[in-house]
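First comes the structure, then the notes that go with it.
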Amino acid sequence: MFFYPGERAALFIDGANLYATAKALGFDIDYKRLLTIFRTKGRLVRAIYYTALVDDSEYSPIRPLIDWLDYNGYSVVTKPTREFTDSLGRRKIKGNMDIELAVDVMEMSSSLDHVILFSGDGDFRSLVEAVQRKGLRVSVISTLATKPPMVSDDLRRQADQFIDLMELRSEIGRETNEREPAKRDDQYVPRDDDFEDFADI
């Protein structure tokens, strides 16, 4: 991983994509450690986490994670999922956050030197190219270690730097079978393994 000292950076985290990537690699993300690591790499201007929420239920299993992130240094962008029926009559839930993420990257680009994108979604290739034309560096974090890879080849080639999530495992990961002793609410650090209902959103 290479970062210039003092460069203004922001993390843009596609929550569902990062969750699915970490799950495929067999570990959970420790969001407290993730923020700490990237704060040492430069001037971290913002860390934004994007996720869709099922709006029709009183309690969402992802809510503790969202609340914790919101109080611990992350900006959280959510929107309700939409339900539809496909051509075969199957009920589907959609909650894509690509537009929200792309708009935020473009709006913030004049205040940044480096965009750090946690996603392997090939739809972001044009966004990466657009901010590079504005003079920003872009790092993409996903993985090639799964079969098939979780990162689009076009996105990986467009990025200035590709960082395999597997390389960060020792710094920001927890094993999925690790269980923490009970903590007081003010000490709660969420793990994303409790939120698998939302992996495909």
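Annotations
- Total formal charge among the other residues, if their Cβ is under 13 angstrom from that of THR36, Lys/Arg +1 and Asp/Glu -1: +2
- Across region 106-173, Cα-Cα pairs farther apart than 21 Å form 24% of the total.
- Translational diffusion of region 1-42, µm² s⁻¹ [Kirkwood Rh, Cα pairs; Stokes-Einstein; 4 °C; 1.567 mPa s]: 110 µm²/s
- Segment MET106..TYR71, full-extension length gain: 10.1 nm, with 0.36 nm per residue of separation and the alpha-carbon distance subtracted.
- Taking 0.36 nm per residue of sequence separation and removing the Cα-Cα distance, the ARG63/PHE2 pair yields an extension gain of 18.6 nm.
- Highest-first arrangement of 151-162, 132-143, where packing means the average Cβ count within 10 Å: 132-143, 151-162
- Per residue value of the accessible surface for region 79-170 (all protein chains in place, 1.4 Å probe), Å²: 53 Å²
- Over region 1-133, volume per residue of the alpha carbon convex hull, in Å³: 137 Å³
- Summing charges over neighbours of GLY120, with a neighbour being any other residue whose Cβ is under 12 Å away from its Cβ, gives -4 when K and R count +1 and D and E count -1.
- Net +/- balance of residues flanking PRO5 in space, Cβ distance below 15 Å, scoring K and R +1, D and E -1: +3
- The share of accessible area on region 1-62 that comes from carbon and sulfur is 49 percent, using a 1.4 angstrom probe.
The values are calculated or read from the model by the stated rules, or taken from the named source; none is laboratory data. Note that this is a predicted model, so its numbers are computed, not measured. Heads up, the Cβs are rebuilt from the backbone with ideal geometry, glycines too, and the neighbour counts pull from every protein chain shown. Surface areas here come from the heavy atoms of the whole protein model, side chains and all, with no ligands, DNA or RNA. Shrake-Rupley method; radii C 1.70, N 1.55, O 1.52, S 1.80 Å.
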